[in-house]
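Have a look at the structure below before the remarks.
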Amino acid sequence: MISVRVMTYNINGGIGSDHLCQPERAAAVIAASAPDIVALQDVGGNGDSGQLQHLAAELGMRCWGGTQENGVGFLSYYPLSGVREFDLGEGGYCQRADFEKHGQRLHLLNVRLASAAGPRQLQIGTLLGSDFLSSRSLVCPTLICGDFADHWWGAGNFSLAVMLQRAPRPWFSGTYPAQMPLFGRDRGYAYNGLNILDVSIVHSSLTRKASQHLPVIFTLQIADPRLYLRQRKPMKAGRMEIAHG
């Protein structure tokens, strides 16, 4: 088994809590946290279509995505394969990528949802549907992370709770707004037997200024994908079951 550090971070288009657009502060936050892979949301805002590429160059990482204003993108020190972007409608986006090392594969889904109840519920329904989490191509351990755009118990959260395993969180789990984080909008879910070793929220004077969101880091352990096979019998309650081979 191998471990990998994945950060999810809504950089708010590089605009900090002081309303200044300084994306280099988000780059400094990422550099100080030393993740292997970063799932970014609200990247490329403020009319800066090259923001993701600038961050990648500053950090010495590869980048994928950033094609939509206020969209999603990946930064990684490792190659990612099968990277695709999906429009969930009403300002919601999802980006999928596969990370593979020593024959062990991890599926990554980077999401940004809308805060309005109706659109958000529809976006979650699409995310849990046959094109995404219920897809037969999603057979390895999976991390779904990003900005879920809810404040308390938002519309569609029951469906997320039924199908996915929410990643453990620190006791004080707020990530938004960064200067006084009351809400846990930025988080992750595990699927297909993913083992999450640790979850931490990055608190510092810099993270409180760099964006309206605090970044979250997941330390993941992934196993040989041959251990995770889809059962042939019908699934219960829309869940995917694990068959040990």
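Each reported figure results from applying straightforward, stated rules to the coordinates on display, with no laboratory input. Bear in mind that the values here come from a model prediction, so they are computed numbers and not experimental data. Methodologically, a virtual Cβ is constructed for each residue, glycine included, from the backbone with ideal geometry; neighbour enumeration extends over all protein chains shown.
Among all positions in the range 107-117, there is no residue which is over 29 Å from Gly193 (Cα atoms), of a type in the set (Val, Ile, Thr), touching a helix residue (DSSP H, G or I) at 6+ places or on another chain (Cβ under 7 Å) and in contact (Cβ under 8 Å) with a residue 12 or more places away in the chain.
Sub-7 Å Cβ pairs linking a first residue in the range 75-91 that is at negative phi and of a type in the set (S, T, N, Q) to a second residue that is surrounded by 13 or more Cβ atoms within 10 Å (Cβ to Cβ) and part of a strand (DSSP E or B), at least 6 apart or interchain, are Ser76/Ile37; Ser76/Arg62; Ser81/Asp98; Ser81/Glu100, ordered by first then second residue.
Tell me, which residue of the range 44-57 that is in contact with a Pro (Cβ under 9 Å, 6 or more places away or on another chain) and of a type outside the set (S, T, N, Q) is surrounded by the most Cβ atoms within 10 Å (Cβ to Cβ)? That would be Leu55. Among the residues of the range 108-143, those identified as surrounded by 19 or more Cβ atoms within 10 Å (Cβ to Cβ) and among the basic types (Lys, Arg) are Arg112, Arg120. Restricting the range 145-181 to residues that are among the aliphatic types (A, V, I, L, M) and free of Cβ contacts under 8 Å to residues at least 12 places away in the same chain leaves a set whose member that is surrounded by the fewest Cβ atoms within 10 Å (Cβ to Cβ) is Met180.
Could you tell me which of the residues Pro35, Pro23 is under 16 Å from the mean Cα position of the chain (by Cα) and in contact (Cβ under 8 Å) with a residue 24 or more places away in the chain? Result: Pro35 is the single residue among Pro35, Pro23 that is under 16 Å from the mean Cα position of the chain (by Cα) and in contact (Cβ under 8 Å) with a residue 24 or more places away in the chain.
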